[in-house]
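Chemist: My structure is below; once you've seen it, I'll send some questions.
The values are calculated or read from the model by the stated rules, or taken from the named source; none is laboratory data. A quick note: this is a predicted structure, and the numbers were derived from the prediction, not measured. Positions of Cβ are backbone-derived with ideal geometry, glycine not excepted, and every protein chain shown enters the neighbour counts. Keep in mind that these areas ignore ligands, DNA and RNA; they rest on the heavy atoms of the full protein, side chains included. Shrake-Rupley method; radii C 1.70, N 1.55, O 1.52, S 1.80 Å.
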Amino acid sequence: MTFQQTHFFLRPEAPADVAELEALSLAAFALNPHSRQTEAQVVAQLRAAGDLFLSLVAQSGQPQAPGALVGHAVFTRITIDGGACDWFALGPL
């Protein structure tokens, strides 16, 4: 078996990434039988509400020679029983 090494780096989401991140999320969950195909919509709603505590993108290549976006992870604060807490949700998974 041969493994191909892939280089990528993480960086904060930028406004110019939004359309590509939506397409990436739609493609990532398209064939998942447990998905309702709403992941991109949920992230967009959280972004619009200002509820993304941290949004990171994985980009192929290296910072000095970046390629396509290949991953995305967001962290949002959660509430329990309507109250704020120091916990975060990670998505989309």
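Chemist: Please build a GNM for the chain, connecting alpha carbons under 10 Å apart, and tell me which residue among GLN45, GLN37, GLN64 fluctuates the most.
Modeler: Of the options given, GLN64 has the highest mean-square fluctuation.
Chemist: Next question, about the same structure. Going by the alpha-carbon gyration tensor, a ≥ b ≥ c the square roots of its eigenvalues, is the chain rounded (a/c under 1.5) or, if a/c is not under 1.5, prolate (a/b greater than b/c) versus oblate?
Modeler: prolate
Chemist: If you roll a 1.4 Å probe over the heavy atoms of the protein chains, what accessible area per residue do you get for the chain, in Å²?
Modeler: Result: 73 Å² per residue.
Chemist: How much of the accessible area of the chain, in percent, comes from carbon and sulfur atoms when a 1.4 Å probe is used?
Modeler: 60
Chemist: Count charges around VAL43 for me, please; just the other residues with Cβ under 14 Å from its Cβ, Lys/Arg as +1, Asp/Glu as -1.
Modeler: -4
Chemist: Okay, moving on. In the Gaussian network model of the chain, springs joining C-alpha atoms below 10 Å, which of PRO12, PRO63, PRO33 carries the largest mean-square fluctuation?
Modeler: Evaluated over the chain, the most mobile residue of the options is PRO33.
Chemist: Evaluate the charge dipole of the chain about its Cα centre and quote only its size in Debye, nearest 20, assuming +1 on the Cβ of each Lys and Arg and -1 on the Cβ of each Asp and Glu.
Modeler: I would put it at about 120 debye.
Chemist: For every helix of n ≥ 4 consecutive DSSP H residues, a contribution of -39,500 (n - 2.57) applies; sum these over the chain, divide by its total residues, and give [θ] at 222 nm rounded to the nearest 500 deg cm²/dmol.
Modeler: -7000 deg cm²/dmol
Chemist: When a/c is below 1.5 the answer is rounded, else prolate if a/b is larger than b/c, else oblate, so apply that to region 1-40 with a ≥ b ≥ c taken from the square roots of the Cα gyration tensor eigenvalues.
Modeler: It comes out oblate by the Cα gyration axes.
Chemist: Moving on. Once you have a ≥ b ≥ c as the square roots of the Cα gyration tensor eigenvalues for region 43-93, tell me rounded if a/c is under 1.5, and otherwise prolate or oblate according to whether a/b is larger than b/c.
Modeler: prolate
Chemist: Top mean-square fluctuation among SER60, SER35, SER25, Gaussian network model of the chain, C-alpha springs under 10 Å?
Modeler: SER35
Chemist: Could you calculate the contour length gain from GLN45 to ALA27, that is, 0.36 nm times the residue separation minus the distance between their Cα atoms, to one decimal place in nm?
Modeler: 4.6 nm
Chemist: Let me ask you something else. Tabulate in residue order the Karplus-calculated ³J(HN,Hα) for region 36-43, using 6.51 cos²θ - 1.76 cosθ + 1.60 with θ = phi - 60°, rounded to whole Hz; enter x for Gly and Pro.
Modeler: 9, 6, 10, 4, 5, 5, 4, 4
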